[in-house]
Amino acid sequence: LLGSDNAETSDRVRIGAPDIAADGALVQVTVETDLPGVTSISIIAADNPVPLVASFELAESAVPFVATRIKMAKTSDVIAVVRAGDKLYTTAQNVKVTVGGC
């Protein structure tokens, strides 16, 4: 994700994902934040062949919450990147994958 290296780690961005995923083909992930002015939320699976697995553009009045299912090739960090105003905020959670999905 362009500019994600400059993202500020924030505990105001929260990832909901299992600690252990029995099947990497179907990993439920949620991302939410209480940051004001959120315009996008992206989800990255760091060790996937294509790390960017989802990106959501949000309307000004949208609640900053997304839920999706992603594929993960192997145990990896799931990283959320939230754009609020002109800044990027991020957090990560490690998810152990017992059977890869990619």
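The values are calculated or read from the model by the stated rules, or taken from the named source; none is laboratory data. Since we're looking at a predicted model, the values are computed, not measured. Cβ atoms come from the backbone with ideal geometry, glycine included; neighbour counts cover every protein chain shown. Side chains are part of the model used for accessible areas, which takes the heavy atoms of the whole protein and leaves out ligands, DNA and RNA. Shrake-Rupley method; radii C 1.70, N 1.55, O 1.52, S 1.80 Å.
Among the residues making up the range 34-63, none is open to solvent by 60 Å² or more (accessible area, probe 1.4 Å), in contact with a strand residue (DSSP E or B) (Cβ under 6 Å, 6 or more places away or on another chain), modelled with pLDDT of 95 or more and not in a strand (DSSP E or B). Consider the range 11-27 and keep the residues that are open to solvent by less than 80 Å² (accessible area, probe 1.4 Å) and modelled with pLDDT of 95 or more. The one that is nearest to the chain's Cα centre (by Cα) is Ile15. Number of residues in the range 64-82 that are in a loop (DSSP other than H, G, I, E, B) and either at pLDDT 95 or above or open to solvent by less than 60 Å² (accessible area, probe 1.4 Å) (or both): the value is 4. Restricting attention to the range 83-102 and to residues that are in a strand (DSSP E or B) and open to solvent by less than 50 Å² (accessible area, probe 1.4 Å), the residue that is farthest from Asp23 (Cα to Cα) turns out to be Ala84.
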